[in-house]
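The values are calculated or read from the model by the stated rules, or taken from the named source; none is laboratory data. Not measured: the values here are computed from a predicted model. Cβ atoms come from the backbone with ideal geometry, glycine included; neighbour counts cover every protein chain shown. For accessibility, only protein heavy atoms count, side chains too; no ligands or nucleic acids. Shrake-Rupley method; radii C 1.70, N 1.55, O 1.52, S 1.80 Å.
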Amino acid sequence: MTIKEKGQVLLEIAGLKKEYDGAVVLDNINLSIHRGEVVVVLGASGCGKSTLLRCLNGLENIQGGEIKFSGKSLTDKNIKWQEIRQRIGMVFQNYDLFPHMTVMDNILLGPLKVQKRDKKEVLEEAKVLLERVGLFERRDSFPRQLSGGQKQRIAIVRALCMKPEIMLFDEVTAALDPEMVREVLDVILGLAKQGMTMVIVTHEMGFAKAVADRIVFIDAGKICEAATPDEFFQNPKTERARQFLNIFNFK
Amino acid sequence: MLNSGISVLVEGINLQRLLAGLFVTARIALISIVIGSVLGIMLGLIRTSKSKVVRFICRFYLEVFRIIPILVWMFIVYFGVTNMFNIHLSGELVALIIFSLWGAAEMSDIVRGAIESLPKHQIESGRALGLSFWGLYRYILIPQAIRRLLPGAINLSTRMVKTTSLVVMIGVIDVVKVGQQIIERSILKTPTASFWIYGLIFILYFIVCYPLAKLSKILETKWES
């Protein structure tokens, strides 16, 4: 076990159940995510891993179980999602920048209009973050003038600028051209090194291996296996995980 | 013959009368476009509501104005409603009311269509940033919807300008009616009067509608770049 896992539990999922029109998508999901930990969620398409992420910041309502975020129950009826979402950053598969705003306006929207922070301070922070992803000189561009990889890096900066305590990445490289995948994954790897708590859904096995403290393998809406990357990739315990990993092996 | 006929345009105060008629046309159109747009935008936003009852009521309102011809609406209010409640409403006021309500109905559909055409993940990424319901509309949905609804809204405006020619049926003296009066008076002396007068009216309508079309083009290219 890595040292990181000694951090306190930030996000606790217990008995989570999610249904769409009676069809069970997620069933009895139990997972604790510690501060500073990077959890990568793997699984075949349609197994419910994206849905799991969306449940964590209230984009989907759940039918059973409980989610606790730094000790606070997110299943409470009176939960103020607007406040919770400021602390849980999320980046999606589609380039989800707002097309009518420049890069900088995209980044400033949340901190200024939602968090009502001081503009000077946010600008300074945005500059540091943009420089880190190598896109500061594109701050006045519109999203349509950027490549897919650049847009995704901006989307990450936009989420980071809210100073979230945890980041959720929902297949952020799935819609990208292969040569742009690396630049986005490098940003996420950098965040991992800094100790950002992250839950990552991805199909990039090499990346999963490199970034994860823990791999959670979901099959048919259930957690099938949870292990360190070394254990999972070299010696998967379940037959289902073995089959899944075989898909990625070309021999 | 045609050469001699053109003078009918400047004879006496004919030109001033036509321009005064055009002013009536433009005034009815402009005021109803403004009122119709404001009401229509509000109604269009309401139509994106999740409540089925609210959506049905708004839809019903739209269909009522689509199915019943504008002319019939003006007759209903100008002759029917005034008679029923024993009140007097001027023709122009009735025209303003009907055109505003019609504009609002059509505009609401354009606004609803524009908002619903926005990709769903725009809403989700806005929500994921912690935006409130109103923040989402104010910063994400409305600014993007305006760009999408512009062609339809301008089209509606020019339609409204053109349809004002119906107001003559409830006794409003608009540019077409003034033209008819001039033609009737000059027809014996100038047999080609209708060609010149209607020709001028054609150009006047063009002058009113063309800037609208041009404006939409300019805004579209500006937002595209």
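Restricting attention to the stretch A:130-164, the residues that are charged (D, E, K, R) and away from every other protein chain (no Cβ under 14 Å) total 6.
Taking (1) modelled with pLDDT under 90; (2) assigned to a strand (DSSP E or B) in turn, A:Val41 satisfies each apart from (1). Go through the stretch A:71-94 residue by residue and tally those that are surrounded by fewer than 22 Cβ atoms within 10 Å (Cβ to Cβ), closer than 24 Å to A:Lys113 by Cβ and in contact with a strand residue (DSSP E or B) (Cβ under 6 Å, 6 or more places away or on another chain). Selection size over the stretch A:71-94: 1.
The set of residues in the stretch B:101-120 being hydroxyl-bearing (Ser, Thr, Tyr) and either open to solvent by less than 10 Å² (accessible area, probe 1.4 Å) or on the phi > 0 side of the Ramachandran plot (or both) consists of B:Ser108 alone. When A:Arg138 is tested against the conditions (1) among the charged types (D, E, K, R); (2) open to solvent by 60 Å² or more (accessible area, probe 1.4 Å); (3) closer than 16 Å to A:Phe92 by Cα, the lone failure is (3).
Results for (1) in a strand (DSSP E or B); (2) open to solvent by less than 10 Å² (accessible area, probe 1.4 Å), shown as yes or no for each residue.
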residue	(1), (2)
A:Ile154	no, yes
A:Leu168	yes, yes
A:Leu176	no, no
A:Val181	no, no
A:Ile200	yes, yes
A:Phe207	no, no
A:Ile223	yes, no
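Hey, can you tell me all the residues within the stretch B:194-219 that are open to solvent by less than 70 Å² (accessible area, probe 1.4 Å) and either over 16 Å from the mean Cα position of the chain (by Cα) or farther than 18 Å from B:Ile28 by Cβ (or both)? Of everything in the stretch B:194-219, those that are open to solvent by less than 70 Å² (accessible area, probe 1.4 Å) and either over 16 Å from the mean Cα position of the chain (by Cα) or farther than 18 Å from B:Ile28 by Cβ (or both) turn out to be B:Ser194, B:Trp196, B:Ile197, B:Gly199, B:Leu200, B:Ile201, B:Leu204, B:Ala213, B:Ser216, B:Leu219. Restricting attention to the stretch B:1-21 and to residues that are among the hydrophobic types (A, V, I, L, M, F, W, C) and open to solvent by less than 30 Å² (accessible area, probe 1.4 Å), the residue that is nearest to the chain's Cα centre (by Cα) turns out to be B:Leu18.
Can you spot a residue in the stretch A:95-110 that is open to solvent by 40 Å² or more (accessible area, probe 1.4 Å), at negative phi and under 17 Å from the mean Cα position of the chain (by Cα)? The answer is yes, given that some residue of the stretch A:95-110 is open to solvent by 40 Å² or more (accessible area, probe 1.4 Å), at negative phi and under 17 Å from the mean Cα position of the chain (by Cα). Checked against the criterion of being more than 14 Å from chain A (Cβ to nearest Cβ) and either touching a His at 6+ places or on another chain (Cβ under 8 Å) or farther than 29 Å from B:Ile97 by Cα (or both), the stretch B:200-220 has at least one qualifying residue. Remark: B:Gly36 falls outside the filter, which requires a residue to be over 22 Å from B:Thr163 (Cα atoms), small (Gly, Ala, Ser) and open to solvent by less than 30 Å² (accessible area, probe 1.4 Å).
Restricting attention to the stretch B:75-100, which residues are within 19 Å of B:Val161 (Cβ to Cβ) and open to solvent by less than 50 Å² (accessible area, probe 1.4 Å)? Across the stretch B:75-100, the qualifying residues are B:Gly91, B:Glu92, B:Val94, B:Ala95, B:Leu96, B:Ile98, B:Phe99, B:Ser100. Step by step: first the residues of the stretch B:119-170, then only those that are farther than 30 Å from A:Arg54 by Cβ and of a type in the set (D, E, K, R), then the one that is nearest to the other protein chains (Cβ to nearest Cβ). Which residue is that? Ranking the qualifying residues of the stretch B:119-170, first place goes to B:Arg159. Considering each residue of the stretch A:119-135 in turn, at least one proves to be open to solvent by less than 30 Å² (accessible area, probe 1.4 Å) and farther than 27 Å from A:Phe207 by Cβ. Of all residue pairs spaced 6 or more apart or on separate chains, those with beta-carbon atoms under 8 Å, a first member in the stretch B:111-127 that is farther than 14 Å from B:Pro143 by Cβ and touching a residue at least 24 places away in the same chain (Cβ under 8 Å) and a second member that is among the hydroxyl-bearing types (Ser, Thr, Tyr) and surrounded by 15 or more Cβ atoms within 10 Å (Cβ to Cβ) are B:Arg112/B:Thr48; B:Glu116/B:Thr48. Across the stretch A:91-110, the number of residues qualifying as in contact (Cβ under 8 Å) with a residue 24 or more places away in the chain, more than 9 Å from chain B (Cβ to nearest Cβ) and in a helix (DSSP H, G or I) comes to 5.
Within the stretch A:51-61, does at least one residue satisfy the condition of being among the acidic types (Asp, Glu), more than 19 Å from A:Ile156 (Cβ to Cβ) and within 9 Å of chain B (Cβ to nearest Cβ)? No, the stretch A:51-61 contains no residue that is among the acidic types (Asp, Glu), more than 19 Å from A:Ile156 (Cβ to Cβ) and within 9 Å of chain B (Cβ to nearest Cβ).
The set of residues in the stretch A:68-90 that are facing chain B (nearest Cβ under 7 Å), within 23 Å of A:Asn30 (Cα to Cα) and either in a helix (DSSP H, G or I) or among the aromatic types (Phe, Trp, Tyr) (or both) contains only A:Arg85.
Residue count for the stretch B:76-91 under the criterion of being small (Gly, Ala, Ser) and under 23 Å from the mean Cα position of the chain (by Cα): the result is 2. Residues satisfying the criterion are absent from the stretch B:102-117 (criterion: within 12 Å of another protein chain (Cβ to nearest Cβ), outside any helix (DSSP H, G or I) and either closer than 30 Å to A:Cys161 by Cα or not basic (Lys, Arg) (or both)). Would the stretch A:234-244 turn up any residue that is farther than 30 Å from A:Leu123 by Cβ, touching a strand residue (DSSP E or B) at 6+ places or on another chain (Cβ under 8 Å), touching a residue at least 60 places away in the same chain (Cβ under 8 Å) and not in a helix (DSSP H, G or I)? Looking through the stretch A:234-244, none of the residues is farther than 30 Å from A:Leu123 by Cβ, touching a strand residue (DSSP E or B) at 6+ places or on another chain (Cβ under 8 Å), touching a residue at least 60 places away in the same chain (Cβ under 8 Å) and not in a helix (DSSP H, G or I).
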